[in-house]
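Visitor: I'd like to ask some things about the structure below.
The values are calculated or read from the model by the stated rules, or taken from the named source; none is laboratory data. What you see is a predicted model; the values in this text were computed from it and never measured. Glycine also receives a Cβ, built like all others from the backbone with ideal geometry; neighbour counts cover every protein chain displayed.
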Amino acid sequence: MSAVAAKPTAGGAVDMTAMIIGLIILLVVIAATYFVFGSGLAFMALIGIIVGGILIGFGVHFVPVGGAPAAMGQAPGIATGVAMLAAGAGLAGLFGGAWAAEQGVVVATITGAIGGGLMMAITCMFVTFIYVFGMGIPCASGKVAKDPITGDTQAEFKSQGTEGHGLPFVSYVGGVIGGLFGGAGGTLIYLMLLDLYKEELPAMMNALPGQVLPIAVTLAGMFAIGMFLVNAVLAAYNITGTIEGPHDPKFKRFPRAIVASAVASAVCGIVAIMIVAV
Amino acid sequence: MTVKVEKIEGGIPHTTIMIAGLIASLVFLYLTYANVIMGTEYFAFFGGLATVAALVWGSHTIKHLCSYGIGTGVPSAGMIAFGSGVIAMLFATKYGVAAPVVAVILAAIIGLILGYVANNVLNMRIPVMIQSLTEMAIIGALVLMGYAAMMTGSFELTSLTTGNVVILGLSLPSYQASFLGGALIATAFMLGAIAIQHPFNACLGPNWTQDRMLMLAAECGFLSMITAAVMSMPLISMSAALVSLFVAIIGWYYTYTKYIELSRRDAAAWLDSKPIPEIVEGQ
């Protein structure tokens, strides 16, 4: 078998036993946090981290990731991998949200979402410019006969032997929605950890709140980036690397990614909380 | 159903590289503890050597995992390694002298759960998935701890968070001039994440050879170590930073020449195209 055909054929099947074991791990971590730290700031931080992680994992499914075939004009989507796209959208959102951290959770999370969505909108626009005017290929989806939003037919624009090419309108919209979810999720993790660290670090390090602020910001930022990448790569494993957007049949696999993101965020989150609370 | 695309034929088996990488990395990390015992900072460069050992092991783990064709690209493996490793590493620094061992154990637990989630919940069904993600998390934690030890001379949380600023001859404690407060950890994160994924990404293909990829991994490690040595200058004494820089440049030069030699050995043919062609007058 050639290297091209040897991709893992995980398919859409759901392994119920593994899902239940995953949910048990999740509940054990939540329960452990509740019994050790009570229902205070640490518990709220864990819940925020899990919600943020789920938003990231779900958001990746909207983003049209094309990978190497897209760069050769043989598949639709943005011509790079999930790790790069998610890092771009997530960090743009995280930086946007971090600026607004003092305005409260709601304003900062929305700002982060707008940052991620804007980054994806600009990326999708210039990707389309390069596809259309640089490579000379029209935008056509290979997975659906008609664009679900505009109703444009796709088949007559699709070249033979390809899975479609360029960035159809529905993929563009999916990319922006994915950026919104990713940016909001990353910012939420950052804000929750920042609140916790600002509260706990002065006592732990025996210093004034103003002095430890740089450390609180760095710790929260690094943990947010780390959890963002973990969730994004796990979601990428779920879609086996490429997806066209919300109209792709692979999108229906998202329940698996939600469980996976929740478990991964909970495990990483409890360690991030224990650094100040134990 | 998964099909393994490329087989590892000949060369050193993966288990040997794994054990050697883990032991070498831990030994080098503990050699930096000589700084605390002897009250100097000259042993900081052992932290850089620990990262090189872990990166060589890591590039082979990526080869081991990505030869199954995970479909997400090689860089994603480096990103998940450091994303999970940074969490274990920062928590482990609380435990003082036991930090490297705690980091390995905690990273193994996080990696094991992530591997189970990827393999079973996400239904990847790749035989080496759980083992590889466990190794990757350990490698991420060890590399970041190596950079921390190299830049600050120690791997304990207090010395990672507290630095010194000299104002008008007075040495004042400062939280901003530190490995964490100055966000040097973000740079260390990317230095390691790119160094770990590049060797296999550059060497993969039908004429992949193990010694060439591992040599490139060591070269990437030393190249990152040069940058880390420059970044260590504000945090440790200048002479200790220069020792690190010297070791890094020697190591980089040796591995780079060896890598070019191995690339020429494996190439079908090569032509030394001079950087600037000489223009001969009158032709």
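Yes/no per residue for (1) over 13 Å from the mean Cα position of the chain (by Cα); (2) at pLDDT 90 or above:
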position	(1), (2)
B:G10	yes, no
B:T15	yes, yes
B:V27	yes, yes
B:A34	yes, no
B:Y42	yes, no
B:V52	no, yes
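Visitor: Right, A:G88: on the phi < 0 side of the Ramachandran plot and of a type outside the set (S, T, Y) or not?
Guide: It is true that A:G88 is on the phi < 0 side of the Ramachandran plot and of a type outside the set (S, T, Y).
Visitor: If I ask for residues that are facing chain A (nearest Cβ under 10 Å), out of contact with any Lys or Arg (no Cβ under 9 Å at 6 or more places or on another chain), of a type outside the set (S, T, Y) and in a helix (DSSP H, G or I), which ones from segment B:137-187 would you list?
Guide: B:A137, B:G140, B:L144, B:L160, B:L184, B:I185, B:A186
Visitor: Now a separate question. If I ask for residues that are of a type in the set (S, T, N, Q) and not in a loop (DSSP other than H, G, I, E, B), which ones from segment B:12-57 would you list?
Guide: Across segment B:12-57, the qualifying residues are B:T15, B:T16, B:S25, B:N35, B:T51.
Visitor: Test of understanding: among A:G182, A:G117, A:G174, which residue is within 15 Å of A:P246 (Cβ to Cβ), buried (at least 24 other Cβ atoms within 10 Å of the Cβ), out of contact with any helix residue (DSSP H, G or I) (no Cβ under 7 Å at 6 or more places or on another chain) and not aliphatic (A, V, I, L, M)?
Guide: Testing whether each residue is within 15 Å of A:P246 (Cβ to Cβ), buried (at least 24 other Cβ atoms within 10 Å of the Cβ), out of contact with any helix residue (DSSP H, G or I) (no Cβ under 7 Å at 6 or more places or on another chain) and not aliphatic (A, V, I, L, M) leaves just A:G174.
Visitor: Still on this structure, please answer the following. Quick one: which residue in B:Y68, B:Y175 is at pLDDT below 85 and more than 23 Å from A:I243 (Cα to Cα)?
Guide: Being at pLDDT below 85 and more than 23 Å from A:I243 (Cα to Cα) holds for just one of B:Y68, B:Y175, which is B:Y175.
Visitor: Could you figure out which of (1) out of contact with any Asp or Glu (no Cβ under 7 Å at 6 or more places or on another chain); (2) surrounded by 13 or more Cβ atoms within 10 Å (Cβ to Cβ) isn't true of B:R265?
Guide: (2)
Visitor: Now, a different point. Here is a list of conditions, (1) in contact with a helix residue (DSSP H, G or I) (Cβ under 6 Å, 6 or more places away or on another chain); (2) under 19 Å from B:T15 (Cα atoms); (3) not hydroxyl-bearing (S, T, Y), and B:L106 meets all of them except one; can you say which number that is?
Guide: (2)
Visitor: Another question about this same structure. Among the residues of segment A:228-242, write down those that are out of contact with any Lys or Arg (no Cβ under 9 Å at 6 or more places or on another chain) and either of a type in the set (F, W, Y) or more than 7 Å from chain B (Cβ to nearest Cβ) (or both).
Guide: Within segment A:228-242, A:F228, A:N231, A:A232, A:A235, A:Y237 meet the criteria.
Visitor: How many residues does segment A:141-150 hold that are under 25 Å from the mean Cα position of the chain (by Cα) and among the aliphatic types (A, V, I, L, M)?
Guide: 2
Visitor: Output the residue which, of all residues in segment A:130-148 that are of a type in the set (A, V, I, L, M, F, W, C) and surrounded by 15 or more Cβ atoms within 10 Å (Cβ to Cβ), is farthest from A:Q74 (Cα to Cα).
Guide: For segment A:130-148, the residue satisfying everything is A:V144.
Residues checked against (1) within 22 Å of A:V276 (Cα to Cα); (2) within 13 Å of chain B (Cβ to nearest Cβ); (3) small (G, A, S):
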position: A:Y172; (1), (2), (3): no, no, no
position: A:A184; (1), (2), (3): no, no, yes
position: A:L196; (1), (2), (3): yes, no, no
position: A:P202; (1), (2), (3): yes, yes, no
position: A:M205; (1), (2), (3): yes, yes, no
position: A:V212; (1), (2), (3): yes, yes, no
position: A:E244; (1), (2), (3): no, no, no
position: A:D248; (1), (2), (3): no, no, no
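Visitor: Test each condition in (1) over 18 Å from the mean Cα position of the chain (by Cα); (2) buried (at least 20 other Cβ atoms within 10 Å of the Cβ); (3) not β-branched (V, I, T) for B:S174 and report the one that comes out false.
Guide: Evaluating B:S174 over (1) over 18 Å from the mean Cα position of the chain (by Cα); (2) buried (at least 20 other Cβ atoms within 10 Å of the Cβ); (3) not β-branched (V, I, T) leaves (2) as the failure.
Visitor: So which residues in segment A:59-104 are over 19 Å from A:K158 (Cβ atoms), in contact (Cβ under 8 Å) with a residue 24 or more places away in the chain, within 14 Å of chain B (Cβ to nearest Cβ) and not aliphatic (A, V, I, L, M), if there are any at all?
Guide: Scanning segment A:59-104 gives A:H61, A:G81, A:G88, A:G90.
Visitor: Which of the residues belonging to segment B:67-103 are more than 7 Å from chain A (Cβ to nearest Cβ), surrounded by fewer than 24 Cβ atoms within 10 Å (Cβ to Cβ) and assigned to a helix (DSSP H, G or I)?
Guide: Listed by number, the residues that qualify are B:V74, B:Y95, B:G96, B:V97, B:A98, B:V101, B:V102.
Visitor: Does A:I225 satisfy the condition of being more than 7 Å from every other protein chain (Cβ to nearest Cβ), in contact (Cβ under 8 Å) with a residue 60 or more places away in the chain, in a helix (DSSP H, G or I) and under 15 Å from A:V14 (Cα atoms)?
Guide: no
Visitor: Considering each of A:V212, A:V267, A:V233, A:V271 in turn, give the residue that is farther than 23 Å from A:G88 by Cα, of a type outside the set (D, E, K, R) and touching a residue at least 60 places away in the same chain (Cβ under 8 Å).
Guide: Exactly one of A:V212, A:V267, A:V233, A:V271 is farther than 23 Å from A:G88 by Cα, of a type outside the set (D, E, K, R) and touching a residue at least 60 places away in the same chain (Cβ under 8 Å), namely A:V267.
Visitor: In segment A:246-260, which residues are of a type outside the set (K, R) and assigned to a helix (DSSP H, G or I)?
Guide: Correct list: A:P249, A:F251, A:F254, A:P255, A:A257, A:I258, A:V259, A:A260.
Visitor: The conditions are (1) in contact with a strand residue (DSSP E or B) (Cβ under 9 Å, 6 or more places away or on another chain); (2) at the interface with another protein chain (Cβ under 10 Å from one of its Cβ atoms); (3) on the phi > 0 side of the Ramachandran plot, and A:G164 fails exactly one of them. Which is it?
Guide: For A:G164, the failing item is (2).
Visitor: Check B:I249 against each of (1) in a helix (DSSP H, G or I); (2) β-branched (V, I, T); (3) within 14 Å of another protein chain (Cβ to nearest Cβ) and name the one condition it does not meet.
Guide: (3)
Visitor: Another question about this same structure. So which residues in segment B:185-223 are without any contact (Cβ under 8 Å) to a residue 60 or more places away in the chain and within 13 Å of B:V86 (Cβ to Cβ), if there are any at all?
Guide: Correct list: B:A186, B:T187, B:A188, B:M190, B:L191.
Visitor: Let me ask something additional. Does at least one position in segment B:195-210 carry a residue that is more than 14 Å from chain A (Cβ to nearest Cβ), crowded, with 18+ Cβ neighbours inside 10 Å and under 11 Å from the mean Cα position of the chain (by Cα)?
Guide: There is at least one residue in segment B:195-210 that is more than 14 Å from chain A (Cβ to nearest Cβ), crowded, with 18+ Cβ neighbours inside 10 Å and under 11 Å from the mean Cα position of the chain (by Cα).
Visitor: Across segment A:59-78, which residue is farthest from B:G78 (Cα to Cα) among those that are surrounded by fewer than 21 Cβ atoms within 10 Å (Cβ to Cβ) and among the hydrophobic types (A, V, I, L, M, F, W, C)?
Guide: The residue in question is A:M72.
Visitor: Which of the residues belonging to segment B:114-129 are more than 7 Å from every other protein chain (Cβ to nearest Cβ) and surrounded by fewer than 20 Cβ atoms within 10 Å (Cβ to Cβ)?
Guide: If the condition is that a residue be more than 7 Å from every other protein chain (Cβ to nearest Cβ) and surrounded by fewer than 20 Cβ atoms within 10 Å (Cβ to Cβ), then B:P127, B:V128 are the ones that fit.
Visitor: Taking A:L91 as the residue in question, decide whether it is within 22 Å of A:G269 (Cα to Cα) and either within 12 Å of the chain's Cα centre (by Cα) or aromatic (F, W, Y) (or both).
Guide: Answer is yes for this residue.
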